[in-house]
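Let me begin by presenting the structure, written as structure tokens, before commenting on it.
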Amino acid sequence: MERNPLVFLMIVGFANLIFIHVYGEDSQEGLLLDGRYREQIRKMQAFKASFVRHDSVPSTSPSPNLAPAPAPRSAIRPHEYRVTSYGADPTGETDSTEALMKAVADAFGGPKVGFLMEGISNLGGARINLEGGNYMIRRPLRMPEAGTGNFVIHGGTIRASDDFPTDGYLIDLSASSGSQNEESKASNNTDAQLSSSSPYNYEYVTLKDLMLDCNHRGGGISIINSLRTSIDNCYIAHFTSNGILVQGGHEAYIRNSFLGQQITAGGDKGERNFSGTAINLMGNDNAVTDVVIFSAAVGVMISGQANTLSGVHCYNKATGFGGTGIYLKLPGLTQTRIVNCYMDYTGIVAEDPVQLHISSSFFLGDAFILLKSINGVAKGVNIVDNMFCGYNKGIEIVQLDESKGPFKQIDQVVIDRNNVRGMNMKSTAARGSLQANGSSWTIDFSPILLFPNLINHVQYTFSSNGSGLFPNHALRNVSQNRVLIESDVAVPATVFVTVDQGVAS
């Protein structure tokens, strides 16, 4: 019968233990025997461990040393690149451009773990750590190659030098080289996309915990044809072009950030001279959330579809000084949602809005919404459940700019349920009543209705208390936003009327 090796080992060990114990009692050299006892125990444990390894891991080698030697630490490359180790000056007194670019190049040359989108190599979360320093650069911090993703730049300040190119961006996520205008960048990015076998330059790039001082020379961040970019907790100041430019691509998320051409908290003496655009969205499917824009000619410029703004506070430049909080420059297919925003003395402009939703927002200081006719189209527009507050100057909460022609194609436009204080109400739906003794009743809705000479739907109730009379009555006219109701005989009556401009007949 086959013996169990483990049982045999335990018997031998027990026998040795008894022998050593008895021998120790009879000997006069206790210390020496105690040492032999410990030596025997050590050998027995080593033999047992060797036996167990051989039993659990099949091997033809009798050697117990099966574990491979650990790789030397010098062979393990980190995924975090600290810029001061490349010679960057955290005081901002000397140029750190080359040092920052070397850190970026090393990050891009580091270990890659498969792919994200096809043609986008995965850097595995490589982090370029600015270590809380203040770094001055003389040219844009541009990524060395397209077709890369999953990396982070975080934790410090980057400032433009006095000779920084005025058409450049401090952080430039484009595949171009040198200082170029937007058209040249678009051309070079097309070439880069073809060479990287991906329709996008970069994917899953995170820029967080940064202060970017453009020093009145150019812009802050440029994101060209990239996918799933995150800008989080950034402070961008002193730009002259765009604080953040998003061109092409989609799914750029900008949140918890502060942008201003001048560092101010309102009431700036130079407000009339503010220029530039804080955020310029020239792509689709982007989101701006919990962002404060405190100085710029335009707070947010949108020329791409399906973008969302939520929790945006604009007090960039007052409308009275020629500023605009949010400008929707995409006539005919807006597809933009603006929710829970604070328009502080600056308003919203929308060109030929089609599928535009503005709700739950607060307009302060006579700020209003302007619908601007380009081709006379306004369809699928909801402006509902907002608050407007002004100074009793007769400013209307929603206005029309028909300098290029009137709005002619109007459908599914709902402007209603807004509450107003110190401004004039404008709506596409209105209700009114009139009590009189006669045969005609006219209710004028032109002070309330937004579009001139347009009533698509009318409902009315005719209530007469004339004894013994049951008059015939009818709706006779709705021109110039006035509703005329007539009866065939004179009677004392009250007429209740509801009108709607937004529903096409």
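Give the residues of the range 269-292 that are over 20 Å from ARG217 (Cβ atoms) and either in a loop (DSSP other than H, G, I, E, B) or open to solvent by less than 20 Å² (accessible area, probe 1.4 Å) (or both), sorted by residue number.
Just the residues of the range 269-292 that are over 20 Å from ARG217 (Cβ atoms), to begin with: 269, 271-272, 281-292.
Within the range 269-292, LYS269, LEU281, GLY283, ASP285, ASN286, ALA287, VAL288, VAL291 meet the criteria.
Is it the case that the range 371-379 has a residue that's assigned by the TED database to the domain that holds GLN335, open to solvent by 60 Å² or more (accessible area, probe 1.4 Å) and of a type in the set (Ser, Thr, Tyr)? Outline the logic, then answer.
Pass one, the range 371-379, residues assigned by the TED database to the domain that holds GLN335: 371-379.
Right, trim to open to solvent by 60 Å² or more (accessible area, probe 1.4 Å) and you get 375, 379.
Now narrow it down to the ones that are of a type in the set (Ser, Thr, Tyr): none.
So far as the range 371-379 goes, no, none of its residues is assigned by the TED database to the domain that holds GLN335, open to solvent by 60 Å² or more (accessible area, probe 1.4 Å) and of a type in the set (Ser, Thr, Tyr).
Is one or more of the residues making up the range 183-204 at pLDDT below 95 and among the aromatic types (Phe, Trp, Tyr)? Within the range 183-204, one or more residues are at pLDDT below 95 and among the aromatic types (Phe, Trp, Tyr). With the condition kept exactly as written, say whether any residue in the range 450-467 is open to solvent by 70 Å² or more (accessible area, probe 1.4 Å), without any contact (Cβ under 8 Å) to a residue 12 or more places away in the chain and more than 30 Å from PHE363 (Cα to Cα). Checking the range 450-467: at least one residue is open to solvent by 70 Å² or more (accessible area, probe 1.4 Å), without any contact (Cβ under 8 Å) to a residue 12 or more places away in the chain and more than 30 Å from PHE363 (Cα to Cα).
Filtering the range 472-505 to residues that are free of Cβ contacts under 8 Å to residues at least 24 places away in the same chain and over 59 Å from the mean Cα position of the chain (by Cα) leaves only ASN472.
Out of all the residues in the range 333-347, is one or more outside any strand (DSSP E or B), surrounded by 21 or more Cβ atoms within 10 Å (Cβ to Cβ) and at pLDDT below 95?
Quick first cut of the range 333-347, residues outside any strand (DSSP E or B) only: 333-335, 340-341, 345-347.
Add one more test, that the residue is surrounded by 21 or more Cβ atoms within 10 Å (Cβ to Cβ), and what stays is 334, 341, 345-347.
Checking the rest, the ones that are also at pLDDT below 95 come to 334.
Taking every residue of the range 333-347 in turn, at least one turns out to be outside any strand (DSSP E or B), surrounded by 21 or more Cβ atoms within 10 Å (Cβ to Cβ) and at pLDDT below 95.
Taking the range 220-265 as the range and being touching a residue at least 40 places away in the same chain (Cβ under 8 Å), within 16 Å of TYR202 (Cβ to Cβ) and open to solvent by less than 10 Å² (accessible area, probe 1.4 Å) as the test, the residues that pass are ILE221, SER222, ILE223, ILE224, SER226, LEU227, THR229, LEU245, VAL246. For the range 456-505, filtering for residues that are more than 15 Å from ILE443 (Cα to Cα) and not hydroxyl-bearing (Ser, Thr, Tyr) leaves 18. Of all residues being in a loop (DSSP other than H, G, I, E, B) and in contact with a Phe, Trp or Tyr (Cβ under 8 Å, 6 or more places away or on another chain) in the range 389-417, which is most open to solvent (accessible area, probe 1.4 Å)? Just the residue, please. Per the stated criteria, the residue is ILE395. Residues that are surrounded by fewer than 24 Cβ atoms within 10 Å (Cβ to Cβ) and not in a loop (DSSP other than H, G, I, E, B) within the range 312-323 comprise HIS313, THR319, GLY320, PHE321, listed in sequence order.
When the range 421-449 is filtered for residues that are surrounded by 18 or more Cβ atoms within 10 Å (Cβ to Cβ) and part of a strand (DSSP E or B), the ones remaining, listed by number, are ASN424, SER427, ALA429, ALA430, TRP441, ILE443, LEU449.
Scanning for something under 12 Å from the mean Cα position of the chain (by Cα), part of a strand (DSSP E or B) and under 17 Å from ILE171 (Cβ atoms), does the range 258-268 turn up at least one residue? Before the answer, list the steps.
Keep residues of the range 258-268 that are under 12 Å from the mean Cα position of the chain (by Cα), which gives none.
The answer is no, given that none of the residues of the range 258-268 is under 12 Å from the mean Cα position of the chain (by Cα), part of a strand (DSSP E or B) and under 17 Å from ILE171 (Cβ atoms).
For GLY109, indicate whether it is surrounded by fewer than 19 Cβ atoms within 10 Å (Cβ to Cβ) and modelled with pLDDT under 95. Considered against the rule, which asks whether it is surrounded by fewer than 19 Cβ atoms within 10 Å (Cβ to Cβ) and modelled with pLDDT under 95, GLY109 comes out as yes. Quickly run through the range 293-311 and pick out the residues that are within 14 Å of the chain's Cα centre (by Cα), open to solvent by less than 20 Å² (accessible area, probe 1.4 Å) and polar (S, T, N, Q). ASN307, the sole residue that qualifies.
Listed by position, the strands (runs of 3 or more DSSP E) contained in the range 111-160 that have at least 3 residues being of a type outside the set (Val, Ile, Thr) and either touching a Pro at 6+ places or on another chain (Cβ under 7 Å) or closer than 23 Å to PHE239 by Cα (or both) are 134-137, 148-160.
The values are calculated or read from the model by the stated rules, or taken from the named source; none is laboratory data. Note that this is a predicted model, so its numbers are computed, not measured. Note that each Cβ is placed from the backbone with ideal geometry, even for glycine, and that neighbours are counted across all protein chains shown. Side chains are part of the model used for accessible areas, which takes the heavy atoms of the whole protein and leaves out ligands, DNA and RNA. Shrake-Rupley method; radii C 1.70, N 1.55, O 1.52, S 1.80 Å.
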